[in-house]
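This report concerns only the one structure given below.
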Amino acid sequence: MKKKLLVGLVVIGVTLASIPMFGAFEAHVINVVAQIENALYVHPESRNFGTVFPQEYQEMGIFVTFSESFSATEQDRVSIVDYIIKQKPKPRAEFKAQIGTDEARRWCHDNSPADPNDPNDAYYVNCYPSLCPYLSKTPLNFDGNDTGIPPFHDPFATSSIATGTIDKNGVVVGDNWIVDLAVPCFENHCAQDWNDFVTGHNPDADPEAYKLPIELEHEVFGCDLWFEVTDIY
Amino acid sequence: MEEQNIKQENTNTPAKQAEVYPVAQPEADGTGETKMPKEEKIKKRMSKWDKILIAIFAVILIFILYIVLDANKYSAMVHVVEGEGKVGINPTTEALDFGDLSRGTSAVRQVTIENGTFVPMYIAVFKTGEIGGLMEIDDNFFTLRPREDVQIDFSVYMPASAEIDATYKGRVFLFKIPWL
């Protein structure tokens, strides 16, 4: 019995002694690193514009600031956060429930309708027709370091990304954004001042490119906005 | 008939037993105390299989200890705030902090895993605490091949039933198991 106890103690002792050796071994040979990225993606609460009519204009606001934990005095390592506002196609609730939210978002982003004018296209079964081109992101820009995007833009273009910076030690610790919707018209059913409506919001936009097919009348459109942190320092 | 008196000796008497099984008698050691003489110990040597089993057990124990000690352990937390269209962010890397979220909002943090070895690694992620019920992991229980890296997304969605001003905390354990 004593011998068995002694053997067990020896085994435990050897194990404990070999842990630091393992540490050294692991650091140089077994190199598997897992680290948290400073990227953070935040999806604000769904905002519903409700039923809208062509050439209508509506606004709603979003406020981006630091969390309580970041604002704590003990957190003084970094104070400035750069972020961008991205637009992504919105998956339908049934599709999200079917394959999961992340997969559904990825599918809607990676695919597009075979016929954008067909409301029965297979894409629209899973994803809403895109509202993204008609949403602007306008910063109130109290700190003067934010860049907005007007409506009537290509949501997938790199130039269609709004940027912002918030500084924990700044005068204004947060950014107010106005997300406004310039409602498009339907082909052959647009008012005479449609061109002025479009260029009034975005002088660089081609009014013809932003008319919707009449087949999509009465459809619900959607767009996911994501605030993505790109750098902290 | 020759009677053979087979005289069977009866060994059951105490005297006979003392002859057959001598009983150690206490010895005087000069101090007035008596002590028992050293008993003959029957040495039982460990068999070869015993040694092999102990060695295997030790290796397994060391392996398990390595896996547990090498696992990445992160704190995770999210704070619930009131209001619509408001988000508070904390993108620091000390913890999986999802910031301040109002009901109906969601946040995603990422963990990058790089396998710089020549051995495949089996990745297993476990979550605990109140935040565990709010958190989704987009990829779990998979093998990371040598010299490859992968990004795991951790998503938190704040439900409508979340308590305002509450902070949901927990921990995330990320195990990396050499997988041959």
- Task: Have a look at A:ALA182, A:ALA93, A:ALA34 and tell me which one the Gaussian network model of chain A (Cα, springs below 10 Å) gives the largest fluctuation.
- Result: A:ALA34
- Taking Cα atoms, how many degrees apart are the long axis of helix A:2-28 and the longest axis of chain A, rounded to 10 and kept between 0 and 90? 40
- Item | Links that overshoot a 19 Å alpha carbon limit, given the list A:LYS90/B:LYS127; A:LYS4/B:LYS51; A:LYS3/B:LYS51; A:LYS86/B:LYS86 | A:LYS90/B:LYS127
- Relative contact order for chain A: what is it in percent, counting Cα pairs under 8 Å that are at least 6 residues apart? 32
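222 nm [θ] for chain A, helices only, -39500 (n - 2.57) per DSSP H run of 4+, per residue, to 500?
Details: 6 runs with 61 residues, N = 233.
Taken over chain A, the calculation gives -7500 deg cm²/dmol.
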- Query: Amide H to amide H under 5 Å from A:PHE152: which residues, 5+ apart in sequence or cross-chain, H placed 1.01 Å off N in plane?
  - Reply: A:TYR134, A:LEU135
- What list of ³J(HN,Hα) values in whole Hz, one per residue of the range A:158-175 in order, does the Karplus curve 6.51 cos²θ - 1.76 cosθ + 1.60 (θ = phi - 60°) give from phi, with Gly and Pro shown as x? 5, 7, 9, 10, 7, 10, x, 9, 10, 10, 4, 9, x, 5, 10, 9, x, 10
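Suppose R0 equals 51 Å; then what is the FRET efficiency for A:LYS3 and B:THR112 from their Cβ-Cβ distance, rounded to the nearest 0.05?
Plugging the Cβ-Cβ distance into 1/(1 + (r/R0)^6) gives 0.55.
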- Neighbour-count order for A:LYS90, A:LYS3, fewest beta carbons within 10 angstrom listed first: A:LYS3, A:LYS90
- Query: Which order results if A:SER112, A:SER160 are arranged by neighbouring Cβ count within 10 Å, fewest first?
  - Reply: A:SER112, A:SER160
- What FRET efficiency do you get for A:GLU59 and B:ARG147 if R0 is 60 Å and r is their Cβ-Cβ distance, rounded to the nearest 0.05? 0.75
- Taking the Cβ of each residue in A:PHE186, A:PHE221 as the centre, tally the other Cβ atoms inside 10 Å and list the residues starting with the fewest. A:PHE186, A:PHE221
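Just so you know, all these numbers are worked out from the coordinates, no wet-lab data involved. Nothing here was measured: the structure is a model prediction, and the numbers come from that model. Backbone-built Cβ (ideal geometry, glycine too); neighbour counts: all protein chains shown.
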